Structure formats: C-alpha cells, structure tokens
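Asker: What follows is a structure written as structure tokens; I'll ask about it next.
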Amino acid sequence: VGTFGSPIGLKGEIKVKMLTSSFEFFKMLKVYLNEDASEKWNFIKMRTLSKKLIVHPLNCNNRDDAEKFRGKKIFSQSSNFPKTNKDEYYVRDLIGFRVIKINGKEIGDVMSVKNFGASDLLETKINNKTFYIPMNKDNLVSVDLDKKKIIVNLLKGIID
C-alpha cells in the first residue's frame, strides 16, 4: 500500500509514497505490515503535507529511528480493504488474467502490476518476453472479472 521514504524533521516522522487511491483509503486500513508480515507497524499520527503522506510510527522518536524505515514497503491484508462494487477491482486482482487484443488474439498473461511513477502498468509475459502495457483509456478496452480477461487495443510500438 506504500513505501517509506525519507525522514521529515527530527521527531520520527517519515514521508510515505502511497500506492493507494487516497489518504483516506490508506488511513482506514488500520493494519500495516512489512513484506513477510513479521512486523506490524502502528502509526501514532498520520497527516498530509503538500499532497504527501507523513506518518509517525509508534516508538520512532527521532530522525535516526525514522531512517531505519527508509525504503521499506508497507503492506496490509486484503481483508482490510473495502469491498468493491460490481464493476470495480483492485489492480492486484488482475494478476493471472489473460490479455487479449481487441481482434480476439490472445497475447499473454498479467504477471504483476507495476507503477514506476506515471501510471499503473500491466507486466505481461508474451512468448517468454516481458512487456509493460500502460493501464490507460488508450490501451484498456475492458476488464472482465468473471472470465479473468483484459481486452486491449494496444498503441503501436507497445509489443511490436
């Protein structure tokens, strides 16, 4: 759901790069874990500053304590996520879906969903090669949750 960034100030606060849709979504999760769920983090304070999320983990009392969090990924159990409506989905739900061109040609499977800053990308394996398909209105035609398939109208140059 996010990644710890750099400390801010001297009292243990840390910037967080959110991978959620909003601060409100991040805040309502309530349970924050490291990658293997061996650590649970409680935040005694959460706030926004210039559209950035700032958290203050429990027992993180100074800049040196905060520095130990830098780069760690923040996870939450999917059971903490709100239920989606009929035509809504979480991008993590797309892993394993078939990617099919608008002409019906199957082109591969979604291996993961990445975000390198601009938008979410479907990491798609096609004939043992990996391609990244931007999840935008130019490429995505539809997502069929029941049939586990994604219909795409790829812009020239994405895979060929």
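Asker: For Val113, enumerate residues with amide H under 5 Å from its amide H, sequence gap 5+ or separate chain, H modeled in the peptide plane.
Answerer: Under 5 Å from the amide H of Val113: Glu123.
Asker: Tell me which lysines have Cα within less than 19 Å of Lys30's Cα, excluding those fewer than 8 residues away on the same chain?
Answerer: Of all the lysines, those that pass the test against Lys30 - Cα under 19 Å, at least 8 places apart if same chain - are Lys15, Lys17, Lys40, Lys45, Lys52, Lys72, Lys73, Lys83.
Asker: Further, regarding this structure: In nanometres, what is the gap between the two model label sites at Lys101 and Asn153, each 7 Å from Cα along Cα-to-Cβ?
Answerer: According to this spin-label approximation, the distance is 1.5 nm.
Asker: At R0 = 22 Å, how high is the FRET efficiency between Lys114 and Ser22 if r is their beta carbon distance? Nearest 0.05 is fine. Mind showing how you got there, number by number?
Answerer: Details: r = 20 Å, r/R0 = 0.92.
Between Lys114 and Ser22 the formula returns 0.60.
Asker: Using a 10 Å cut-off around each Cβ, can you sort Ile14, Ile54, Ile102 from fewest to most neighbouring Cβ atoms? Working shown, then result.
Answerer: On the way: Ile14 25, Ile54 18, Ile102 11.
Least crowded to most crowded, the residues run Ile102, Ile54, Ile14.
Asker: What order do you get for Asp93, Asp144 when you list them from fewest to most C-beta neighbours inside 10 Å? Mind showing how you got there, number by number?
Answerer: Numbers: Asp93 16, Asp144 12.
Fewest to most other Cβ atoms nearby, the residues stand as Asp144, Asp93.
Asker: In what order do Tyr32, Tyr90 fall by count of nearby beta-carbon atoms within 10 Å, going from fewest to most?
Answerer: Numbers: Tyr32 21, Tyr90 13.
Going from sparsest to densest Cβ surroundings: Tyr90, Tyr32.
Asker: Averaging over every viewing direction, what projected area does the convex hull of the Cα atoms of the chain cover, in nm²? Kindly include the intermediate steps, with their values, before the conclusion.
Answerer: Values: hull surface 44.4 nm².
Taking the Cα atoms of the chain, their convex hull projects to 11.1 nm² on average.
Asker: Okay, moving on. Short version: ³J(HN,Hα) in whole Hz for each residue of the stretch 96-109, in order, from phi by Karplus 6.51 cos²θ - 1.76 cosθ + 1.60 (θ = phi - 60°), x for Gly and Pro, what are they?
Answerer: Computed from phi, the couplings for the stretch 96-109 are x, 5, 7, 9, 10, 5, 4, 7, x, 6, 6, 10, x, 10 Hz.
Asker: On to the next question. For the chain, what relative contact order do you get, as a whole percent, if you take Cα pairs closer than 8 Å and at least 6 residues apart? Before the final figure, lay out the partial values.
Answerer: Working: 293 pairs, mean separation 27.3, N = 160.
Computed over the chain, the figure is 17 percent.
Asker: Here is a follow-up. For the stretch 49-57, what does the Karplus curve 6.51 cos²θ - 1.76 cosθ + 1.60, with θ = phi - 60°, yield as ³J(HN,Hα) per residue in whole Hz, taken in order and with x for Gly and Pro?
Answerer: So the Karplus estimates, Gly and Pro as x, are 9, 6, 6, 10, 8, 10, 10, 10, x Hz.
Asker: Of the chain, which part is the longest with no trypsin sites (Lys or Arg not before Pro) in a loop (DSSP not H, G, I, E, B) and with at most 13 other C-beta atoms within 10 angstrom?
Answerer: Values: sites that count: Lys30, Lys51, Lys68, Arg70, Lys83, Lys86, Lys105, Lys137, Lys147, Lys156.
Counting only loop sites that pass the neighbour cut-off, the longest clear stretch is 106-136.
Asker: Taking amide H positions as placed in the peptide plane 1.01 Å from N, state which residues far from Ile8 in sequence (5 or more) or on other chains have amide H under 5 Å from it.
Answerer: Glu13, Ile14, Lys15
Just so you know, all these numbers are worked out from the coordinates, no wet-lab data involved. Just so it is clear, the model here is predicted, and its values are computed rather than measured. Cβ: placed from backbone, ideal geometry, glycine included. Neighbour counts: every protein chain shown.
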